[in-house]
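Each value in this text was obtained by applying a stated rule to the coordinates, not by laboratory testing. Quick caveat: nothing in here was measured; it's all calculated off a predicted structure. Cβ sites come from the backbone with ideal geometry, for glycine too, and all protein chains shown count toward neighbours.
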Amino acid sequence: MGSRGIPADKVNLRLILVSGRTKEFLFSHSSSAADITDHVYSNWPTEWSEEKLPETNILRLIYQGRFLHGNVTLGALQLPLGKTTVMHLVARENLPEPNNQGQLKKDKSGEASCSLCCVLL
């Protein structure tokens with residue numbers, strides 16, 4: 001057993017809603033973000049009964065300030081087994097594209113150019 005009675009082969013996720021309500025769930029390292037949101041949606045906690053459950057499963061996880069895309073696993077995030085990790089849970093239909101926001105791209109000449117345009121008024 002890990003800390004606070006968490007099984008040594010599980011990750012304890014403490015999910016936080018925008019309202020600040022929290023609930024803990026146990027998952028394996030092979031669980032993906034999609035698996036987690038599906039499980040939470042299907043097993044909406046009674047403690048969250050005052051929270052409006054979205055009509056469709058558009059729940060998304062945020063970890064360390066980034067949205068997790070559906071196929072990323074807890075193991076790929078290198079989350080410690082037997083410990084608690086905190087993530088935010090939000091209802092959002094679309095996710096930003098990974099790794100392309102505000103990054104500089106090099107053209108064939110080796111010059112860096114910004115992939116975002118700015119307009120000054």
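Return the distance in nm (one decimal) between the two label points of a simple spin-label model at residue 85 and residue 52, each offset 7 Å from Cα along Cα→Cβ.
Between residue 85 and residue 52, the label points sit 3.1 nm apart.
Under the 0.36 nm per residue contour assumption, what length would be gained going from the current alpha-carbon distance of residue 21 and residue 78 to full extension?
Computed gain between residue 21 and residue 78 is 18.0 nm.
Starting at the first residue of the stretch 27-34, write each ³J(HN,Hα) from the Karplus equation 6.51 cos²θ - 1.76 cosθ + 1.60 with θ = phi - 60°, in whole Hz, x for Gly and Pro.
Each residue of the stretch 27-34 in turn: 9, 8, 4, 7, 5, 8, 4, 5 Hz.
What list of ³J(HN,Hα) couplings, whole Hz, do you get for the stretch 8-18 from phi and the Karplus terms 6.51, -1.76, 1.60, once you set θ to phi - 60° and write x for glycine and proline?
Calculated HN-Hα couplings, in order: 5, 9, 10, 9, 8, 9, 9, 9, 10, 7, 4 Hz.
Mind listing the long-range amide H neighbours of residue 86? Cut-off is under 5 Å, sequence gap 5 or more, other chains count too, H placed in the peptide plane at 1.01 Å from N.
Placed amide hydrogens put 14 under 5 Å from residue 86.
Quick one: what are the phi-derived ³J(HN,Hα) couplings along the stretch 66-77, Karplus 6.51/-1.76/1.60 with θ = phi - 60°, whole Hz, x for glycine and proline?
Per residue, the Karplus-derived 3J(HN,Hα) values read 10, 5, 8, 6, x, 8, 6, 9, 5, x, 5, 7 Hz.
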